[in-house]
Structure formats: C-alpha cells, structure tokens
Amino acid sequence: MKILGIIPARYASTRFPGKPLVDIAGKSMIQRVYEQAKKCGHLNEVIVATDDSRIFDHVTAFGGVAILTSSAHQSGTDRCAEVAQKHPDYEVIINIQGDEPYIDPEQISKLISCFNDAGTQIATLIKRVQTEQELHNINSPKVIINKHSEAIYFSRSPLPHIRGQKPENWLQHFTYFKHIGIYGYWADILQQITKLPMSSLEKAESLEQLRWIENGYKIKTAETEIETIAIDTPEDLLNLKM
C-alpha cells in the first residue's frame with residue numbers, strides 16, 4: 001500500500017495572512033509541519049500543495065517537495081485531490097494540516113492504520129473532551145460516533161444534549177469527543193468527494209465533512225490521546241511561544 005502525505009498550504013488566510021511562512025523558533029511553520037510528517041515511517045512521500053510561489057520557493061529552498069496547485073480551490077481537500085491526480089500510483093492520501101507545527105508522527109501512523117480495514121473509505125482522528133471549555137468551544141468541532149467507530153455527525157455544538165442536566169455537568173454523564181483535523185482517504189474516494197456539491201448540513205455548520213456523511217460516505221475514526229496545537233491566529237502564535 002503506497003501512501004502519500006499532502007500538506008495543503010495557502011498564503012491568503014483571512015485570519016492570519018502568510019501563516020505558513022511565519023517563524024517559530026528559527027523555522028517556518030510549514031517547515032516544521034513538513035519535518036514532523038517526514039518522521040512518519042508509513043508515508044512513502046510528503047508533498048506541500050500550495051497556490052503561492054513564495055511558499056513553493058521556501059519549501060524547495062529547505063529541501064522539501066512542493067507542487068503549485070490551482071488558486072480556485074475552496075478547501076485543502078480540493079488541493080489534495082489535484083496533487084493526488086498527478087500521482088496516480090498512490091493508493092491512500094493523508095491530508096495533514098499545515099497549521100499544526102508540532103503534529104506527532106504517531107498520530108499520522110494511527111490514522112493510516114485505519115486503512116488496514118479495506119472497508120474504510122475516509123478516516124480521521126478524535127480525542128476525548130477533557131474540559132467544559134473544550135466542550136463549548138465552537139471552534140473545536142465535536143464528533144458523535146457509532147458502535148463501529150464511524151462518525152455519524154460533526155457539530156460545533158456539544159452533542160448530544162443531556163436532558164435534565166445543566167451544561168456544566170454534561171461531561172459527568174457522557175463521553176464527548178472532539179475532532180482532530182487530519183484526514184485519510186483511498187485515492188478514488190478522494191476524487192469522488194471533491195466532486196460533490198456543497199450540502200445543507202455543511203452550509204449550516206461550515207464543516208465540509210458533513211457533505212461526505214450526507215452523501216452516504218463512511219468516516220472511520222481512531223482515538224488519539226495526543227493533544228494537537230493549531231495556529232489559527234497571531235494570538236495563537238504568541239501563546240505557543242509562551
């Protein structure tokens with residue numbers, strides 16, 4: 001099974017323009033993500049997918065592999081699909097977030113292990129919610145899974161609602177999971193899901209994975225105990241350096 005890791009990276013972020021090139025303790029964010037991904041022995045290759053020549057030039061300068069992609073893509077998933085089309089010999093594609101500079105290679109390996117089951121179509125990671133703040137943070141999507149560890153819904157709200165209990169006590173009555181935003185796909189499934197039109201649930205929650213579920217695709221989940229640190233804003237970067 002040949003596995004390709006792709007790191008989508010765009011320069012024009014609304015909340016943090018130029019984020020992939022920001023310096024973190026002497027290295028750019030994109031270099032740190034790339035180097036962490038390369039430590040995963042299950043990946044046959046790692047490629048940065050970008051629509052910006054500054055990111056492309058920077059990645060090649062530090063010895064990484066990068067591909068220039070269309071600027072019309074609406075998501076990292078679409079960017080991954082373009083790169084995957086150009087590399088048809090890879091069977092599994094791993095979409096690695098470009099804003100998690102300290103992603104643990106073990107998390108990538110755990111995600112890849114989902115594809116030991118030929119019935120897996122799409123895979124992602126989940127982590128148990130530990131605090132009330134996490135549970136009610138709309139920027140941290142929650143995941144409901146079934147008995148087969150498949151995601152049946154993602155929401156920015158804490159679901160399920162625990163009837164008869166105050167929200168501050170919900171963690172005492174149910175095991176909640178939050179979504180860790182790294183994905184794996186069989187190559188043919190990736191091409192299929194990027195051709196789907198935006199769905200009503202996706203529009204409501206602004207979560208693209210709901211489009212896949214709404215169209216009948218199954219998302220296998222694997223639980224990780226490792227916390228990830230995503231850099232979405234300049235403030236997140238300041239907190240990281242502290």
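Just name the residue that is farthest from the chain's Cα centre (by Cα) out of those in the stretch 124-149 that are part of a loop (DSSP other than H, G, I, E, B) and under 24 Å from residue 184 (Cβ atoms).
Restricting to residues being part of a loop (DSSP other than H, G, I, E, B) and under 24 Å from residue 184 (Cβ atoms), the top hit is 147.
Kindly indicate whether residue 65 is modelled with pLDDT of 95 or more and open to solvent by less than 30 Å² (accessible area, probe 1.4 Å).
Answer is no for this residue.
Kindly indicate whether residue 54 is in a helix (DSSP H, G or I), open to solvent by 20 Å² or more (accessible area, probe 1.4 Å) and not hydrophobic (A, V, I, L, M, F, W, C).
yes
Given the conditions (1) without any contact (Cβ under 8 Å) to a residue 40 or more places away in the chain; (2) of a type in the set (S, T, N, Q); (3) under 25 Å from residue 189 (Cα atoms); (4) open to solvent by less than 50 Å² (accessible area, probe 1.4 Å), report the number of the one that residue 31 does not fulfil.
It is condition (3) that residue 31 fails.
Restricting the first residue to the stretch 92-110 and requiring it to be under 18 Å from residue 1 (Cβ atoms), which pairs with a second residue that is in a helix (DSSP H, G or I) and open to solvent by less than 20 Å² (accessible area, probe 1.4 Å) meet a Cβ separation below 6 Å and a spacing of at least six or different chains?
Pairs found: 92/115; 93/80; 93/84; 93/190; 95/80; 96/37.
Which of the residues belonging to the stretch 101-112 are open to solvent by less than 20 Å² (accessible area, probe 1.4 Å), closer than 23 Å to residue 232 by Cα and either assigned to a helix (DSSP H, G or I) or in contact with a Ser or Thr (Cβ under 8 Å, 6 or more places away or on another chain) (or both)?
103, 107, 108, 111
Could you tell me whether any residue of the stretch 132-144 is open to solvent by 90 Å² or more (accessible area, probe 1.4 Å) and either in contact (Cβ under 8 Å) with a residue 40 or more places away in the chain or under 23 Å from residue 76 (Cβ atoms) (or both)?
Yes, the stretch 132-144 contains a residue that is open to solvent by 90 Å² or more (accessible area, probe 1.4 Å) and either in contact (Cβ under 8 Å) with a residue 40 or more places away in the chain or under 23 Å from residue 76 (Cβ atoms) (or both).
Please go through the stretch 191-227 and pick out each residue that is within 14 Å of the chain's Cα centre (by Cα) and under 30 Å from residue 89 (Cβ atoms).
208, 209, 219, 220, 221, 222, 224
When the residues of the stretch 1-13 are narrowed to those that are more than 18 Å from the chain's Cα centre (by Cα) and in contact (Cβ under 8 Å) with a residue 60 or more places away in the chain, which ends up most open to solvent (accessible area, probe 1.4 Å)?
Checking each candidate, the answer is 1.
Determine whether residue 16 is of a type outside the set (Lys, Arg), at pLDDT below 95 and either open to solvent by less than 30 Å² (accessible area, probe 1.4 Å) or in a helix (DSSP H, G or I) (or both).
In short, yes.
The values are calculated or read from the model by the stated rules, or taken from the named source; none is laboratory data. Computed from a prediction, not measured in an experiment: that's the story for all the values here. Quick reminder, even Gly has a Cβ in these numbers, built from the backbone with ideal geometry, and neighbours come from all protein chains shown. The accessibility values were calculated without ligands, DNA or RNA, using every heavy atom of the protein model including side chains. Shrake-Rupley method; radii C 1.70, N 1.55, O 1.52, S 1.80 Å.
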